[in-house]
């Protein structure tokens, strides 16, 4: 399968980011964690925004739980 | 050991038994399914099996399977990199799935025994396969007999299995053992090894069968470890992974099996994917399955932290 025009979500320096295949190949494999592959930049961006949404929801829930316990 | 010169050419490499992601409303999550498959193929999987045991096949309708496959083909997943598990409770339903695979030119179909709520006689099972194979006689898609655990499907008695293989040897490319019984492999090899290819879905059976490929549930999470096991069995120099805590793929597999033990398998795979892909949406399961309880999650988190997954390399 040809991945040339696809995009990836990676975890690098504790940040999630979208990179193209070309950009990925330039990175040292030990400096990032490959999360997922997507057909297009748009698809990857949609997923990235969902990931952020879910992590914010989780964080808010943790804060609420902490408030309740005090 | 199979002798490929006398047998049909079966599938090669690692084919993850892909888990099926669902949304909060329990409908199919096509975008996430496509991305998961792309990621597995990028990591070296030869193809994927859709709606199999790990993919909750019985929980999805014919229409949903059609929708998913059409979406994947449309979005550029190669048809010959997909197999469809045709699980069903009636012959017409299974025939429709085989015809769907024909239409989409999929790599292969996996045919299993029916779900049923009563004990079935040997004659009844033989008649089931006769009825089925008559209707798919002209199907060009490669066909594998899929043996599943007794808790899911009726186990095929030896006599019925012999009958089916004998009658449909020309049509069958192989038998796939997903019963969870490793001892069955030797019996299958002894009885049918010269007629059809024998595959197992247990990663630890690679050494026993020396088969050209494997359908693996664990490959959803650690595709490269399973590939390394296959390569090691085929005499290919195993790739040394820098920084890997345990370098032997077999040890790594055993470690991962220890993580999985004690938990319901499909919700566990979904939970682990939610950790790997950093998205809690992966935890959703379609009823009658439910996502893992908090006690299991705490235990899994602890075990998985010890496993120290290296997502790029495994």
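For this structure, a couple of remarks:
- Expected 222 nm ellipticity per residue - DSSP helices of 4 or more, -39500 (n - 2.57), all of chain B, to 500: -12500 deg cm²/dmol
- Compared with the dominant Cα axis of chain B, that is its longest principal axis, helix B:223-233 is turned about 60°.
- Exposure proxy ranking for B:130, B:293, based on other Cβ atoms within 10 angstrom of each Cβ and starting from the fewest, stands as B:293, B:130.
- With Cα atoms, 0 to 90° folded angle of helix B:294-307 axis to chain B main axis: 80 degrees
- Inter-part distance where segment B:16-48 and segment A:1-36 are each reduced to a Cα centre, Å: 18 Å
- Peptides B:204-211, B:183-190 ordered by average Cβ neighbours within 10 Å, highest first: B:204-211, B:183-190
- Cα-based helix-to-principal-axis angle, A:41-69 vs chain A, degrees rounded to 10: 20 degrees
- Residue order, fewest to most beta carbons within 10 Å, for B:134, B:31: B:134, B:31
- Across peptide B:68-76, the mean count of Cβ atoms from other chains lying within 10 Å of each residue's own Cβ comes to 1.
- For segment B:13-236, DSSP calls about 5 percent of its internal beta bridges antiparallel.
- Candidates B:298, B:268, B:66: whichever shows maximal mean-square fluctuation once chain B is modelled as a Gaussian network with Cα springs under 10 Å: B:298
- Gyration tensor (Cα) of segment A:7-69, equivalent ellipsoid semi-axes in angstrom: 29, 14, 6
- Base-10 log of normalised Debye intensity for segment B:13-236 (one unit scatterer per alpha-carbon) at q = 0.08 Å⁻¹: -0.27
- Take every DSSP beta bridge whose two residues both sit in the protein assembly as shown; close to 30 percent of them are antiparallel.
- Inter-chain shielding of B:303-311 (mean C-beta neighbours from other protein chains, 10 Å cut-off): 1
- Computed over the alpha-carbon pairs of the protein assembly as shown, the distance histogram in 20 Å steps reads 27, 58, 14, 1 percent, short to long.
- Take each residue in A:41-51, count the other chain C-beta atoms within 10 Å of its C-beta, and the mean is 2.
- By the count of neighbouring beta-carbon atoms within 10 Å, fewest first, B:218, B:83, A:15 end up ordered A:15, B:218, B:83.
Values in this text are rule-based calculations from the coordinates and carry no lab data. Since the structure is predicted, the reported quantities are computational estimates derived from the model, not experimental observations. Quick reminder, even Gly has a Cβ in these numbers, built from the backbone with ideal geometry, and neighbours come from all protein chains shown.
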